[in-house]
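First the structure, in the form of structure tokens, and then the observations on it.
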Amino acid sequence: MTGEAERTSWEGPRPGLRLALVPLLLAMLPTSLGTTIVATSMPTIAGDLGGVEHLSWAVSAYALAAAASTPVWGRLGDMYGRKRWLMTAMAVFLTGSALSGLAGTMGQLIAARAVQGLGGGGVAVCVMAVIGELIPPRERGRYQGMISSVMVFSMIVGPLVGGTVTDNLGWRWAFWFNLPLGGLALALVARFVRVPSRRRQAHIDYVGALLLVLCITSLVLVLTWGGTHYAWGSGTILVLTAASAAALAGFVLAQSRTAEPVLPPHLFRSRNFTLMSVLSFTNGFVMYGAVFYLPLYQQAVNGASAVGSGLLLLPMLGSLVVVSQSSGRFLARTGNYRVLQVGGSAAMLAGALLLARVDTTTSRPTIELSMALLGAGMGSLGQNVVTVAQNSVDLQEVGVAAAAITLFRTLGNSVGVALMGTRFNHRVREVMAERTGGAAGLHQTRLDAKGMDRLTPAVRAGYEAAVAGGVRDAFVLASAAAALAFVTALLVRQVALRSVRGRRS
């Protein structure tokens with residue numbers, strides 16, 4: 001927990017803060033857009049490069065690399081200066097983007113996406129750390145709406161840009177699109193962002209980082225393959241489970257024995273920091289389901305186009321932006337984050353529970369209300385969680401705190417991808433077997449509005465019911481995560497936020 005000496009040693013806000021925020025937000029944009037733009041290009045990529053059975057790894061490689069690298073980036077920024085490592089992370093991300101666009105095989109694409117994920121994870125945590133150093137926690141709420149708007153903008157614009165670019169320029173430009181935008185952001189960060197440089201004699205815990213990578217990768221493989229590619233009791237799943245558990249035990253042991261751990265155990269002595277980690281994980285879990293499965297439901301069940309399904313997310317995204325901005329102003333005025341977290345998690349739970357009841361006859365107003373509640377909940381949590389986490393640690397550790405929160409959010413995404421995807425696919429196969437005797441031919445069909453029109457009426461009706469059932473099951477899991485978030489929020493302690501920016505005395 002931050003000491004009183006540090007709390008009283010903070011200064012007022014720097015001049016030109018808004019000028020510094022513009023390049024920071026612009027730096028976040030390519031990494032936020034990258035996922036949504038590429039998602040719409042994946043069917044085309046699979047057709048061009050082949051290896052469709054490995055296509056999911058082009059997504060997972062990015063998420064795993066980002067998750068595993070975030071603590072390292074945060075520690076490097078704390079030790080050697082956050083601006084320097086932000087620019088390095090941006091350069092790595094752009095290199096991965098260029099290599100992804102040049103890939104000639106699926107294996108090359110997966111490797112390039114891993115490089116892109118290494119940089120993307122660094123950009124996310126370094127931007128949060130720089131903002132944490134420039135803006136005091138009490139004032140940060142005024143700007144959290146701007147940060148959330150970048151993510152919402154990418155959710156809305158990404159699929160539209162991805163489809164347009166892929167159709168007119170080719171899928172490689174879905175990756176190369178990042179280069180001019182990221183290059184501009186890199187130049188603006190170099191010119192306008194000013195944070196104190198530092199250099200401490202220390203070392204990076206590479207053993208801990210490697211163990212973390214092994215633990216996360218093995219866990220995601222277990223959750224992805226268990227019950228689908230391999231039986232839960234198979235040797236492969238048991239070995240992966242043992243490897244993940246052993247790596248986790250080794251990681252915890254390594255963190256307690258090294259002088260500069262990538263994820264310092266003492267951070268979790270702060271009750272609020274630990275609770276923010278849980279909230280970040282659950283928020284990431286639920287957000288994945290909303291962004292991925294709601295457009296799929298709109299396309300398969302309601303017959304919306306890819307572009308139309310993106311626009312149908314506006315009730316959720318609009319409420320997310322409005323609530324994020326209003327909650328930011330409320331936080332800056334009152335400093336009361338606990339009420340926002342309790343109310344936000346309750347709204348998220350209500351929205352997830354409503355979506356866990358969808359079927360092929362659910363009305364659009366009901367879907368829109370559910371999405372609006374879900375968006376309001378996520379908007380009320382959002383950057384609020386990062387603010388409280390950084391307020392719970394010493395100033396010199398705001399980078400590693402941001403890294404930890406980013407790590408848990410990414411882990412929530414990865415676990416959500418695995419659990420919800422496995423459950424969704426199982427439900428689709430189950431319902432298709434009951435309704436049509438199987439899903440033959442569906443794997444060769446692009447199941448957007450045009451693809452659905454090519455199905456026979458019986459197969460289409462069966463698939464609509466299957467998708468609705470799969471989405472319902474996915475949001476049952478999301479409801480469980482949201483319920484955990486609500487219980488967690490109730491346990492949060494209200495602690496005064498630092499009211500001015502500061503440095504160690």
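The values are calculated or read from the model by the stated rules, or taken from the named source; none is laboratory data. No experiment lies behind these values; they were computed from the predicted model shown. Here the Cβ positions follow ideal geometry from the backbone for every residue, glycine too, while neighbour counts run over all protein chains shown. With ligands, DNA and RNA removed, areas are computed over all heavy atoms of the protein, side chains included. Shrake-Rupley method; radii C 1.70, N 1.55, O 1.52, S 1.80 Å.
Results for (1) open to solvent by less than 40 Å² (accessible area, probe 1.4 Å); (2) part of a helix (DSSP H, G or I); (3) modelled with pLDDT of 85 or more, shown as yes or no for each residue.
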site	(1), (2), (3)
Met371	yes, yes, yes
Gly382	yes, yes, no
Ala403	yes, yes, no
Thr410	yes, yes, no
Gly421	yes, yes, no
Glu430	no, yes, no
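Failed condition for Gly233, given (1) surrounded by 17 or more Cβ atoms within 10 Å (Cβ to Cβ); (2) in a loop (DSSP other than H, G, I, E, B), with all others met?
Condition (1) is where Gly233 drops out.
Which members of the stretch 106-157 meet the condition of being at pLDDT below 70 and more than 15 Å from the chain's Cα centre (by Cα)?
Scanning the stretch 106-157 gives Pro137, Arg138, Glu139, Arg140, Gly141, Arg142, Tyr143, Gln144, Gly145, Met146, Ile156.
Kindly indicate the residue of the stretch 335-365 that is without any contact (Cβ under 8 Å) to a residue 24 or more places away in the chain and open to solvent by 60 Å² or more (accessible area, probe 1.4 Å) and also farthest from the chain's Cα centre (by Cα) among those meeting that condition.
Here the residue is Thr361.
Which of the residues belonging to the stretch 251-303 are modelled with pLDDT of 75 or more, among the hydroxyl-bearing types (Ser, Thr, Tyr) and assigned to a helix (DSSP H, G or I)?
Ser256, Thr274, Ser277, Ser280, Thr282, Tyr293, Tyr297
Just for the stretch 97-109: of the residues that are in a helix (DSSP H, G or I) and open to solvent by less than 20 Å² (accessible area, probe 1.4 Å), which one is farthest from Gly162 (Cα to Cα)?
Only one residue fits best here, namely Met106.
Mind listing whichever residues of the stretch 201-230 are over 24 Å from the mean Cα position of the chain (by Cα), open to solvent by 30 Å² or more (accessible area, probe 1.4 Å) and of a type in the set (Val, Ile, Thr)?
Across the stretch 201-230, the qualifying residues are Val207, Thr228.
Answer yes or no as to whether Gly303 is at positive phi and out of contact with any Pro (no Cβ under 9 Å at 6 or more places or on another chain).
In short, yes.
Out of the stretch 386-401, which residues are within 11 Å of Thr274 (Cα to Cα) and either part of a helix (DSSP H, G or I) or among the aromatic types (Phe, Trp, Tyr) (or both)?
Val388, Ala389, Ala401
So how many residues does the stretch 158-198 have that are at pLDDT 80 or above and among the β-branched types (Val, Ile, Thr)?
Within the stretch 158-198, residues that are at pLDDT 80 or above and among the β-branched types (Val, Ile, Thr) number 2.
Kindly indicate the residue of the stretch 46-96 that is at pLDDT 75 or above and of a type in the set (Phe, Trp, Tyr) and also least open to solvent (accessible area, probe 1.4 Å) among those meeting that condition.
Among residues in the stretch 46-96 that are at pLDDT 75 or above and of a type in the set (Phe, Trp, Tyr), the one least open to solvent (accessible area, probe 1.4 Å) is Phe93.
Out of all the residues in the stretch 437-480, which are at pLDDT below 65 and assigned to a helix (DSSP H, G or I)?
Once the filter is applied, which keeps residues that are at pLDDT below 65 and assigned to a helix (DSSP H, G or I), the stretch 437-480 yields Leu442, His443, Gln444, Ala449, Lys450, Gly451, Met452, Asp453.
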